[in-house]
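Read the structure below first, then the notes.
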Amino acid sequence: MSRARQPPLVTGISPNEGISWTKVTIRGENLGTGPTDLIGLTICGHNCLLTAEWMSASKIVCRVGQAKNDKGDIIVTTKSGGKGTSTVSFKLLKPEKIGILDQSAVWVDEMNYYDMRTDRNKGIPPLSLRPANPLGIEIDKGRFPQKDLEALFPGMSADFTSENFSAAWYLIENHSTTRLKLLVVSVSF
């Protein structure tokens, strides 16, 4: 390998710590003459070349992979300059396991849950992952006693999230007086 330039020198990384897959900006000198000149990039001993985006001879952006070491150097290798050195290091943090009831810094926008099963993009209650009315037409409950439906459909359920869901039971229980034409139109949307 012939060297026309000085070896790469990494002088900064931002942020200088993070968990795996953190996006980092690497700064330095002689970091290559172009995207094809960059042939190697390791952070904490992990090869990050596949996620590297060469920006300029002084800047590379990439994602830190699942490294073996907790702290390590950032080594850039180029065709024109060979294997470089680093004056800074990156500290790999272990992600904290969060339980379902633990507080976290993730914001969940509860106002925009959608029912993907019916593809109607109608908002549904945030605490319920199922819509109250999947067909989107008026429900008329109470025409048939629950015990009669249970006898008619043994081991089945009108709850469409159940493994034992019965579409016939659901329609008899909730839409027994709805015209067939309206049912056909509602399922075609």
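Taking each residue of segment 84-102 that is assigned to a loop (DSSP other than H, G, I, E, B) and looking for partners that are of a type in the set (Ser, Thr, Tyr) and at pLDDT below 95 with beta-carbon atoms closer than 6 Å, six or more apart or interchain, yields Ile98/Ser104.
Here is a yes/no grid of residues against (1) in contact with a strand residue (DSSP E or B) (Cβ under 8 Å, 6 or more places away or on another chain); (2) within 21 Å of Gly18 (Cβ to Cβ):
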site: Leu38; (1), (2): yes, no
site: Leu41; (1), (2): yes, yes
site: Leu50; (1), (2): no, yes
site: Ala57; (1), (2): yes, no
site: Gln66; (1), (2): yes, yes
site: Gly72; (1), (2): yes, yes
site: Ile75; (1), (2): yes, yes
site: Gly81; (1), (2): no, no
site: Ser89; (1), (2): yes, yes
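Consider segment 152-189 and keep the residues that are part of a helix (DSSP H, G or I) and polar (S, T, N, Q). The one that is modelled with the highest pLDDT is Asn174. Listed by first and then second residue, the pairs with beta-carbon distance under 6 Å, at least 6 apart or on different chains, first residue in segment 146-169 and free of Cβ contacts under 8 Å to residues at least 40 places away in the same chain, second assigned to a loop (DSSP other than H, G, I, E, B) and among the charged types (D, E, K, R), are Thr161/Arg130. Determine whether segment 40-60 contains at least one residue that is under 28 Å from the mean Cα position of the chain (by Cα) and in contact (Cβ under 8 Å) with a residue 60 or more places away in the chain. Within segment 40-60, not a single residue is under 28 Å from the mean Cα position of the chain (by Cα) and in contact (Cβ under 8 Å) with a residue 60 or more places away in the chain.
The values are calculated or read from the model by the stated rules, or taken from the named source; none is laboratory data. Computed from a prediction, not measured in an experiment: that's the story for all the values here. Note that we place each Cβ from the backbone using ideal geometry, even for glycine, and neighbour counts take in every protein chain shown.
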